[in-house]
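Remarks on the structure that follows.
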Amino acid sequence: MRQLQKYLWAFGLGCLLALVSAYPSWGDASVQDLQTVTWEDLQPSQNTTIQKAYEQLPEAQLMEFAELVRRQDDVKLHNRPDDQAEVDRLRESLTRQGVDVDTLRQQVDRARAYQWEQATQTNTAIEDQAVKIMGYLLPIEQNALGQVKRFLLVPFVGACMHVRRRRPIR
C-alpha cells in the first residue's frame, strides 16, 4: 500500500511538472510568484442562498420523498410501468400524510436548476491567469505507454470517482 502511495504521489508530481512545462508563459514566472487560489476561489461569489424545500419534513417522510423524486426521474428517463406504479404509491402515501408533493417537487427542481447554474459559472477575475492550486490528478485518458494525455484536477482523493448507484435487480 505504501509503495502504491509513493507511486501515485510521484505520478501526480510528474503530471504537474509536465503541465507546467507545457505552457511557455508559465515558465517565465517562478512558481513562488504565482497567486495561490483555493477551490472556493474558482467559483463566483454567491449572493443568494436557497432554502431546502424539504427541511421541514420528518426523516421518514424525507426518505419517502427522496425515493419518489428518484423514481420520478427514472420514469422520465426510462418510462418503466413498474416505476410509475411505485411513483403513484409513494405520491398517494405522502399526500395522505399531508405533504404537498407537487409544491415540494417544484422547489426541488428550482433548487437543482440554481445549483446547476452556480456549478457551471466561473470566477472571471482569475480566468486566463497562471495560478497555484492544491489538488490531485485523476487521469482520464492515457496513451499506450501509460502516459497521461488528459486528466482532471480534483480537490481531494476520491473526488469524481463515482457513478450513479445501480437500481436493485427485482
Note to self: For segment 92-113, which positions are surrounded by 14 or more Cβ atoms within 10 Å (Cβ to Cβ) and part of a helix (DSSP H, G or I)?
What the structure shows: 93, 94, 101, 104, 105, 107, 108, 111
Margin query: Suppose the filter is modelled with pLDDT of 85 or more and part of a helix (DSSP H, G or I); does residue 38 pass it?
Written below: no
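Conditions tested, residue by residue: (1) in a loop (DSSP other than H, G, I, E, B); (2) at pLDDT 60 or above.
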{"site": "11", "(1), (2)": "no, no"}
{"site": "20", "(1), (2)": "no, no"}
{"site": "46", "(1), (2)": "yes, yes"}
{"site": "51", "(1), (2)": "yes, yes"}
{"site": "55", "(1), (2)": "yes, yes"}
{"site": "61", "(1), (2)": "no, yes"}
{"site": "68", "(1), (2)": "no, yes"}
{"site": "73", "(1), (2)": "no, yes"}
{"site": "90", "(1), (2)": "no, yes"}
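The values are calculated or read from the model by the stated rules, or taken from the named source; none is laboratory data. This one's a predicted model, so the numbers in the text were calculated from it and none came from an experiment. Cβ atoms come from the backbone with ideal geometry, glycine included; neighbour counts cover every protein chain shown.
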